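Okay, so here's the structure we're looking at.
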């Protein structure tokens, strides 16, 4: 039954439609679009149903960072089915156009266009000029999307469109955040997040899945670290990745374990009994030590903080690694973060937002996080603190935008 209770007109069975021998689909498409525009078909379909039950379908706004592609046809065709069906069923189904015009997708598109590979190049070009080019790309992309949507018969109301970069839109988001804050649902805290040092942004768990993983070379290491009050006594320690050393805040030790003090190559070394096999050559046992007696000892870190009056101590952990002592870098490792937070140890960050080491990192200052292992090894050798380096390949998440290996950053 059609709207208004009238029965739709049926065509006689003997009516035969004649079609031309050849049809130009692009011409037919253009004539139909011109007819819809001339007669205001979309507006009329809404006006005739205004006041009827409303059907809302909130479209996830596409990102205005380029032209649409073939796969967008399928997605929009499916969404259009719901709008058209509800309209034909008598519902009032408005369709509001909108675009996501914020964030890295647009910035990265402009960077590729301009050949920019580092934030410093954006600053040299001028942030205001760069933002202006981003807005120009948004306008170009919206024009391409409108043409694309019109050609596939995907009706949208562009007069009441929304852009996430509009002041009123941003203010509405901040209004919502303020409401949450006033209700006590927003608070400030530190946590570790997946981070892309190239894009200088965190990634959600969903974004990590988008990027997938890639095997990359990493370097674990064993070190010989001296105690501050008695530098002749050295701890055989381990570090998950060499680049984390400048961010270490403590060394973990198992307070429940029994340790050995041995004499090896003219120096005294403390380690777990099972780790003695890691020392090549003659080893002379000196004494057994309780792990509890090794907690809260001050040691000399390979990368101290020249500008800070900070004490580096051993702390109790449940998993001290194969040697019995593990370097804790809470700004980059979740287990270390949890331990240091429980024990009130201050977070130490060696990297800036661009993934480069800060001025207190010695020869690493200004270097990008991926690619400093050789410099770290050279510094440890200079200090006679390197026991061994273990090179291996590890599957690591990569950024879905730029394919840079991600890190954890607190």
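No lab work stands behind these numbers, since they all come straight from the coordinates. Everything numeric in this text was worked out from a predicted model, so none of it was measured.
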- Given 0.36 nm per residue, what is the gain on full extension from residue 229 to residue 186 after removing their alpha carbon distance, in nm? 11.0 nm
- Stokes-Einstein diffusion coefficient of the range 265-410, Kirkwood radius over Cα pairs, 20 °C, 1.002 mPa s, in µm²/s: 120
- Note on the structure: Rounded to two decimals, the Debye log10 I(q)/I(0) of the range 121-192 (Cα scatterers, no solvent) at q = 0.17, 0.22 Å⁻¹ is -0.90, -0.99
- Rg followed by Dmax, in Å, when the range 346-394 is reduced to its Cα trace: 12.1, 32
- Query: What is the helix-to-structure angle for 104-114, meaning the angle in degrees between its Cα long axis and the longest Cα principal axis of the chain, kept from 0 to 90 and rounded to the nearest 10?
  - Reply: 90
- Out of 201, 101, 117, a Gaussian network model of the chain with alpha-carbon springs under 10 Å gives the largest mean-square fluctuation to 117
- Report, as a whole number in µm² per second, the diffusion coefficient that Stokes-Einstein gives for the range 49-89 at 4 °C and 1.567 mPa s using the Kirkwood radius over alpha carbon pairs. 107
- Output the Kirkwood hydrodynamic radius of the range 25-169, Cα pairs only, in Å rounded to one decimal. 17.3
- Task: Calculate the all-directions average of the projected area of the range 36-106's alpha-carbon convex hull, and give it in nm².
- Result: 5.9
- Item | Largest-first principal axis extents, alpha carbons of the range 216-278, Å | 36, 28, 26
- Regarding the range 324-410, what is the average projected area of its C-alpha convex hull, in nm²? 7.3
- Note on the structure: Between the Cα axis of helix 70-88 and the main Cα principal axis of the chain, the angle (0 to 90°, nearest 10) is 50
- Message: Nearest 10 degrees is fine. How inclined is helix 127-151 to the longest principal axis of the chain, computing both from alpha carbons?
- Response: 40
- Message: Using just the Cα positions, wrap the range 158-241 in a convex hull and report its mean projected area in square nanometres, one decimal place.
- Response: 12.0
- Taking the chain and dividing mean pair separation by its residue count, relative contact order in percent (alpha carbons under 8 Å, at least six apart): 17
- Message: Please check: in the Gaussian network model of the chain (C-alpha springs, under 10 Å), which one of 303, 181, 82 has the largest mean-square fluctuation.
- Response: 181
- Evaluate the chain: find the radius of gyration of its Cα atoms, find its Kirkwood radius, and give the ratio Rg to Rh. 1.18
- For the range 293-340, go through all pairs of different Cα atoms, get the mean of 1/r, take its inverse, and jot down that Kirkwood value in Å. 11.9
- Rounded to two decimals, the Debye log10 I(q)/I(0) of the range 252-348 (Cα scatterers, no solvent) at q = 0.22 Å⁻¹ is -1.16
